[in-house]
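Taking it in order: structure first as structure tokens, then the write-up.
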Amino acid sequence: MDGALEGGCLCGRTRWRAEGPVLHRVHCHCSLCRKGSGAVEVPWITVERRHFAWSGEPPALYRSSAKGERSFCPVCGAKLTFVHDDVPDDVDIAVGALDDVEAGYPLTQIHGESRIAWLSVDPHLGFRPGEDSGPPVTDPPPVPAGAVLEGGCLCGGFRYAVTGPPTHSGLCHCGTCRRATGGLAAAWAIWPRERYRDNGGTTVAWSASERGVRRFCPTCGASVVCDFAHRPDLVEVMTAGLDDPHAVAPEGHGFAAEAPSWLAIGDDRPRWPGRPGKGEPDPGLIRHRP
């Protein structure tokens, strides 16, 4: 693609524009992308830095490794870009940050060794030569009643623990979750607040609607939990941030009609076009179309 690409954060504070060809297109399953975003994995497109420009207010930056730096909006928490010191002339753009997500189609996958075991994304796309595709695709056993699952943000400033099985879980493909995480889709699970605790670490709250608020770490930008305005007795956890992200599989797909047309998920979970439980599932959504 040689035309211009544009995108930005959820709140509109930070925008970007990229000209010129896309150099690389990948699904990244690495644990840093997963925990740093709150998404099950992050698709990226790469452009030359000389063809990329910010507009509006500058993003916040977080050094997620000795050689890598991630950017996110400090107001709404939307994940935006990644730059590696070894390739300083390139910039990776989170596909979820694109205004036109259809332009972000991947062509390969990387870091299969870190892939969540229950996730089979675009199974028709292979992994980079020489890389393992990861564990066999399988769902975990139910979470035992007394089991404690721990998790947190990428930098470790915010930590939480939940006890026992969630009341509900799912994989959300809505445009808001995609833009907030920068990733493929947001895996979530709900626990009664009485079975949730955290370390009191600082989070930033941002609301996309009157239904509730999303919370992210102000240091690393990781999306961590959501609070419901109408159900303060419940808390929604972004399960990509669990120390064991394989432990909780989604019951189904929500807002599957908003997923990009190029996306295929290799499972038989119900595919709700909109909110889970509303209307009828559509088994034809998020399927590979040769």
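The values are calculated or read from the model by the stated rules, or taken from the named source; none is laboratory data. Everything numeric in this text was worked out from a predicted model, so none of it was measured. Methodologically, a virtual Cβ is constructed for each residue, glycine included, from the backbone with ideal geometry; neighbour enumeration extends over all protein chains shown. The area values use the complete protein model at the heavy-atom level, side chains included, leaving out ligands, DNA and RNA. Shrake-Rupley method; radii C 1.70, N 1.55, O 1.52, S 1.80 Å.
At-a-glance table
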{"read-out": "Number of positions in the range 172-204 that are over 12 Å from the mean Cα position of the chain (by Cα) and part of a helix (DSSP H, G or I)", "value": "3"}
{"read-out": "Complete set of residues in the range 115-166 that are of a type in the set (Ser, Thr, Tyr), open to solvent by 30 Å² or more (accessible area, probe 1.4 Å) and in contact (Cβ under 8 Å) with a residue 24 or more places away in the chain", "value": "SER133, THR163"}
{"read-out": "Residue, nearest to the chain's Cα centre (by Cα), within the range 37-58, restricted to residues that are open to solvent by less than 10 Å² (accessible area, probe 1.4 Å) and of a type in the set (Gly, Ala, Ser)", "value": "ALA39"}
{"read-out": "Set ALA60, ALA53, ALA39, ALA18: member being at pLDDT 95 or above and under 27 Å from VAL248 (Cβ atoms)", "value": "ALA39"}
{"read-out": "Which listed residue, of PRO74, PRO21, PRO88, is open to solvent by 60 Å² or more (accessible area, probe 1.4 Å) and assigned to a loop (DSSP other than H, G, I, E, B)", "value": "PRO88"}
{"read-out": "Top-ranked residue of the range 237-290 - restricted to ones that are among the acidic types (Asp, Glu) and open to solvent by less than 70 Å² (accessible area, probe 1.4 Å), ranked as nearest to LEU149 (Cα to Cα)", "value": "ASP267"}
{"read-out": "Odd one out for CYS30 among (1) within 30 Å of ALA249 (Cβ to Cβ); (2) in contact with a Leu (Cβ under 9 Å, 6 or more places away or on another chain); (3) surrounded by fewer than 21 Cβ atoms within 10 Å (Cβ to Cβ)", "value": "(2)"}
{"read-out": "Matching residues, the range 1-14, being free of Cβ contacts under 8 Å to residues at least 60 places away in the same chain and open to solvent by 70 Å² or more (accessible area, probe 1.4 Å)", "value": "ASP2"}
{"read-out": "Pair list, Cβ < 7 Å and 6+ apart or interchain, from the range 16-32 residues that are at positive phi to residues that are open to solvent by 20 Å² or more (accessible area, probe 1.4 Å) and modelled with pLDDT under 95", "value": "GLY20/ASP2"}
{"read-out": "Only listed residue being part of a strand (DSSP E or B) and without any contact (Cβ under 8 Å) to a residue 24 or more places away in the chain, chosen from SER207, SER169", "value": "SER207"}
{"read-out": "Exclusive hit being of a type in the set (A, V, I, L, M), at pLDDT below 95 and either in contact with a Pro (Cβ under 6 Å, 6 or more places away or on another chain) or under 15 Å from THR239 (Cβ atoms) (or both), set LEU119, LEU184, LEU171", "value": "LEU184"}
{"read-out": "Hey, ARG287 basic (Lys, Arg) and touching a Pro at 6+ places or on another chain (Cβ under 7 Å) or not", "value": "no"}
